[in-house]
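Written below as structure tokens is the structure these notes are about.
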2 protein chains.
Amino acid sequence: MSEGLGVVGVLGGMGPLATIDFMRKMIEATPAASDQEHVPVVVSSIPQVADRTAAFRGEGDSPLAAMVASGRRLVDAGAGLVVMPCNTAHLWWDALAPALGLPMLHLVDAALAEGVERFGAGARLGLLATDATIASGLYPNRTPAGSGLQWLLPTAAEMLQGVMPGIAAVKAGDLTAARGLLLPVAEALARRGAQALVLGCTEIPLVITAAGAPLPVIDATQALARRAVAWSLAQRSAVPA
Amino acid sequence: MSEGLGVVGVLGGMGPLATIDFMRKMIEATPAASDQEHVPVVVSSIPQVADRTAAFRGEGDSPLAAMVASGRRLVDAGAGLVVMPCNTAHLWWDALAPALGLPMLHLVDAALAEGVERFGAGARLGLLATDATIASGLYPNRTPAGSGLQWLLPTAAEMLQGVMPGIAAVKAGDLTAARGLLLPVAEALARRGAQALVLGCTEIPLVITAAGAPLPVIDATQALARRAVAWSLAQRSAVPA
């Protein structure tokens with residue numbers, strides 16, 4: 001048994017359904033025919049974290065202290081790596097990562113690497129994400145140097161009337177309403193020339209999937225899940241049996 | 001923020017998909033319109049636990065030490081309660097619960113209470129579960145006194161050719177094959193007079209749901225999820241704001 005090796009810590013709860021979606025994508029990314037071949041995971045799904053978008057707008061408390069407290073549960077539980085399936089929470093990455101003292105994988109970097117790999121330098125990507133992720137420039141500002149990725153963003157009205165209420169509907173469990181709000185924005189980005197859609201909020205792939213989107217999608221949740229599984233399997237194989 | 005209160009610890013990984021199914025059923029059982037209204041959860045999904053059915057048969061190592069180690073991660077992460085979404089693992093309940101030193105809710109008791117409540121004393125229940133859960137008498141032996149619940153079990157051939165390979169197919173991620181193996185056994189129990197089906201292995205509700213079953217179902221996973229949410233909400237409301 002190697003139960004102490006390669007334990008992935010998931011700093012979740014932002015939101016709870018997105019946490020489950022991430023865990024499912026880790027399972028799907030693992031070649032396994034029995035329980036024992038799956039990757040060991042500990043999860044802290046503590047949803048009592050102040051709203052990230054409200055904090056960025058200056059309209060609410062900082063989520064940082066609660067994120068650190070939640071992440072410390074993963075340290076205490078023996079995680080060897082921390083991943084955080086919430087894009088907007090990555091605005092606090094620079095303070096969070098050193099406070100936990102464990103290696104972390106960055107969700108946005110995982111998505112951008114997949115974008116470059118699949119669509120090549122200079123690709124035009126449409127971004128669906130929260131108001132705070134968009135307004136902070138989180139995706140464009142982390143674009144790999146030389147990749148030449150081009151960005152298309154929703155308009156302010158599409159954000160206020162489509163994307164933000166769509167994300168809130170996922171958090172409230174109303175997936176049908178969420179899809180009805182988000183899909184028209186995806187279609188608008190397609191009309192304006194996007195070659196692929198970055199699902200840059202972990203609530204969004206719960207309602208917009210590769211099969212039901214007007215464009216190919218880059219699912220940041222899935223990109224991070226694949227990297228987390230690869231990390232764990234590498235830890236396992238690095239140790240003599 | 002009440003992030004330290006009412007934290008449910010999920011001793012999972014047996015198997016990983018069943019753990020996610022349990023977490024989803026906790027979310028569905030929670031009245032919440034935002035992240036922050038959901039219940040705080042920590043999860044230890046460490047699948048490197050010896051096969052429970054093989055151990056019961058005397059054909060494999062005991063899973064107890066790995067279950068205790070996984071449960072201690074929940075203690076370390078600050079859980080106030082432990083639940084374990086794996087029926088067969090409850091065969092080691094009497095040793096596990098004192099080793100963790102936290103209150104636990106028993107999955108089988110949750111399912112049996114729901115059976116009595118919905119179908120009344122003397123109801124005839126068909127049981128779908130692993131070979132070890134069936135052979136240990138886990139369900140009949142915990143039947144509440146005076147409930148008069150009557151049990152119908154699969155035949156030995158149905159177990160070997162339908163139920164056990166069906167459960168293994170879920171663990172390998174092949175849900176279509178799993179349903180094809182499990183559904184005929186459910187139908188056989190219906191023909192023999194069962195009034196309701198107890199889904200007494202947490203892999204089974206991934207492929208047999210209320211909508212697609214030949215009989216009403218008692219989903220042990222869902223019954224436990226509801227009790228775990230009720231425990232957490234009661235903890236939260238018991239403390240002055």
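Readers should treat all values here as calculations from the given coordinates under stated rules, not as data from a laboratory. Bear in mind the structure is a predicted one, so any value in this text is a computation, not a measurement. Cβ coordinates were reconstructed from backbone atoms using ideal geometry, including for glycine residues, and neighbour counts include every protein chain displayed.
Figures for the structure shown
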item	result
Unit charges on C-beta of K, R, D, E only; dipole of the protein assembly as shown, Debye	260
Separation in nanometres of the label points that stand 7 Å from Cα toward Cβ, at B:Glu187 and B:Ala65	4.6
The range A:54-183: C-alpha gyration tensor shape, a/c 1.5 cut-off, then a/b vs b/c	oblate
Note, ³J(HN,Hα) from phi for the range B:157-169, Karplus 6.51, -1.76, 1.60, rounded to Hz, x at Gly and Pro	5, 4, 5, 6, 9, x, 5, 5, x, x, 5, 4, 5
q = 0.06, 0.08, 0.11 Å⁻¹: log10 I(q)/I(0) that the Debye formula gives for the protein assembly as shown, counting C-alpha atoms only	-0.27, -0.49, -0.90
Average Cα contact separation per residue, the range A:107-220, under 8 Å, 6 or more apart, as relative contact order %	32
Extension reserve of the A:Asp94-A:Glu28 stretch, reckoned as 0.36 nm per residue once the Cα distance is removed	20.8 nm
Per-residue average of Cβ from other chains inside 10 Å of A:66-74	3
Over the range B:9-98, relative contact order from alpha-carbon pairs under 8 Å, at least 6 apart, %	39
Cα centroid separation, the range A:32-49 to the range A:175-241 (Å)	19
Cα-based Kirkwood hydrodynamic radius, chain A, one decimal, Å	18.2
Helix-derived mean residue ellipticity, 222 nm - over the protein assembly as shown, DSSP H n ≥ 4, -39500 (n - 2.57), to 500	-13000 deg cm²/dmol
Chain A: angle of helix A:64-76 to the longest principal axis, Cα-based, in degrees nearest 10	30
Charge tally in the Cβ shell below 13 Å around B:Ala111, where Lys, Arg are +1 and Asp, Glu are -1, B:Ala111 excluded	+1
Charge tally in the Cβ shell below 14 Å around B:Trp93, where Lys, Arg are +1 and Asp, Glu are -1, B:Trp93 excluded	0
Nonlocal amide H pairs with A:Arg124, under 5 Å, H built at 1.01 Å	A:Gln150, A:Gln195
Which of B:His38, B:His106 has the fewest Cβ neighbours within 10 Å, and the rest in rising order	B:His106, B:His38
Net length gained if the chain between B:Arg118 and B:Ala211 were fully extended (0.36 nm per residue, minus Cα distance)	31.8 nm
The range B:20-107: Cα Rg divided by the 2.2 N^0.38 Å rule of thumb	1.19
Other-copy label distances relative to A:Thr209, 7 angstrom Cα-Cβ extension, nm	1.1
Around B:Thr155: net Lys/Arg minus Asp/Glu count, Cβ-Cβ under 14 Å	-1
Contact order relative to length of chain A, as percent, for alpha carbon pairs under 8 angstrom and 6 or more apart	24
Interchain or long-range residues, amide H under 5 Å from A:Val82's placed H	A:Gly9, A:Met104, A:Leu105
Cα long-axis angle, helix A:175-191 against chain A (0 to 90 degrees, to the nearest 10)	60
Two-site FRET efficiency, A:Asp109 against B:Ala238, from Cβ-Cβ distance with R₀ of 45 Å, rounded to 0.05	0.55
Lys, Arg +1 and Asp, Glu -1 on Cβ, resulting dipole of the range A:23-120 about Cα centre, debye, nearest 20	120
Pairwise FRET efficiency - B:Ala156 versus A:Leu175, Cβ, R0 = 35 Å, nearest 0.05	0.25
Across the identical copies, how the A:Ser136 labels are spaced - nm, sorted shortest first, 7 Å along Cα→Cβ	4.6
Label distances, nm, A:Gly148 versus same residue in remaining copies, Cβ-directed 7 Å point	8.0
Folded to 0 to 90 degrees: helix B:220-238 orientation relative to chain B principal axis, Cα	20
Semi-axes of the equivalent ellipsoid for the range A:107-220, Cα gyration tensor, largest first, Å	22, 14, 13
Virtual spin-label span in nm between B:Leu5 and A:Ser136, 7 Å along Cα→Cβ	2.9
